[in-house]
Amino acid sequence: VLELIQNEEQCQLVCDVWENEPFASKELVSAASIATPHIAGYSQESKYRALTSLRQDFIKFFTVDAVASLPFQYSNVSNFINSENGVLNAVLEKSFSIHKLSNEFKTAILGDSIDKYFEMTRKSLLARRECSSLSINYSETDEFVMDVLNQLGVEVI
């Protein structure tokens, strides 16, 4: 992969999962256009989905009443964005800055404490919300923007 990225101008790597984590290849991380420290699953929504799945399996396995077991409710409070200019940037920045995270990861991979960086970063992202928690006031009919918002799970009002 590294050879392909280095030799092909049109080839770009965006990666979140790395061989030998947390000790990823410094060369590969540095060559990636966007590199993140395996953060998929580190958001409120992903933790809720995992908890819901475990809850359903628990209920099924122990044949218990769904209402009586594990009284947990998730508050899906939407974050509202009111932006007509740069709507996609506003949505992505409201979630979190992937470019900032990528730059931090690329710097951290060159140091000696990459394992601590992985752990610290993942913990710091547990409060992160996914784009699917967002609502936006967007009245334009730009087909591309609407498709991206739909793919991200953003509610358009």
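With every protein chain left in place, what is the accessible area of MET120 in Å² (1.4 Å probe, nearest 10)?
In the full protein context, MET120 sits at about 110 Å².
Given a cut-off of under 8 Å on Cα pairs at least six residues apart, what relative contact order in percent is computed for the chain?
Computed value for the chain: 28 percent relative contact order.
Return the aspartates and glutamates within reach of LYS100: Cα separation strictly under 18 angstrom, same-chain partners fewer than 8 residues apart disregarded; answer none if there are no such residues.
ASP16, GLU119, GLU130
Please list the non-local residues whose amide H lies under 5 Å from the amide H of LEU134, H modeled 1.01 Å from N, same-chain partners needing a gap of 5 or more.
ASN79, GLU155
What lysines sit close enough to LYS60 to cross-link, taking a C-alpha to C-alpha distance under 25 Å and skipping anything fewer than 8 places away on the same chain?
Straight-line reach from LYS60, under 25 Å: LYS47.
Give me the net charge for the shell around LYS26: Cβ to Cβ below 14 angstrom, other residues only, Lys and Arg +1, Asp and Glu -1.
-4
Considering region 1-40, what Rg and Dmax in Å follow from its alpha-carbon atoms?
Answer for region 1-40, Rg first and Dmax second: 10.0, 29 Å.
Given the -39500 (n - 2.57) contribution per DSSP H run of 4+ residues, what per-residue ellipticity at 222 nm results for the chain, rounded to the nearest 500 deg cm²/dmol?
It lands at -13500 deg cm²/dmol.
With +1 on the Cβ of every Lys and Arg and -1 on the Cβ of every Asp and Glu, and nothing else charged, how large is the dipole of the chain about its Cα centre, in debye rounded to the nearest 20? Before the final figure, lay out the partial values.
Details: 13 positive and 22 negative charges, 170 e Å.
The dipole of the chain has a size of about 820 debye.
Tally Lys and Arg at +1 and Asp and Glu at -1 over the other residues with C-beta under 15 Å from the C-beta of PHE118: what net charge comes out?
Details: positive: LYS26, LYS106, LYS116, ARG122, LYS123; negative: ASP16, GLU19, GLU21, GLU104, ASP112, ASP115, GLU119.
Value of the local net charge: -2.
Stokes-Einstein at 10 °C, 1.306 mPa s, Kirkwood radius from Cα pairs: D for the chain in µm² s⁻¹? Numbers along the way, then the final one.
Details: Rh = 18.3 Å.
For these conditions, the coefficient is 87 µm²/s.
What is the distance, in nm, between label points placed 7 Å from the Cα along the Cα-to-Cβ direction at ASN7 and at LYS116?
3.9
I'd like the Kirkwood hydrodynamic radius of region 93-157, using the inverse of the mean 1/r over distinct C-alpha pairs, in Å.
Roughly 14.0 Å, rounded to one decimal.
The values are calculated or read from the model by the stated rules, or taken from the named source; none is laboratory data. On a predicted model such as this, the values are computed, not experimentally measured, just so you know. With ideal geometry, Cβ positions are generated from the backbone for all residues, glycine too; neighbour counts draw on all protein chains shown. Please note that ligands, DNA and RNA were not included when accessible areas were found on the heavy atoms of the full protein model with its side chains. Shrake-Rupley method; radii C 1.70, N 1.55, O 1.52, S 1.80 Å.
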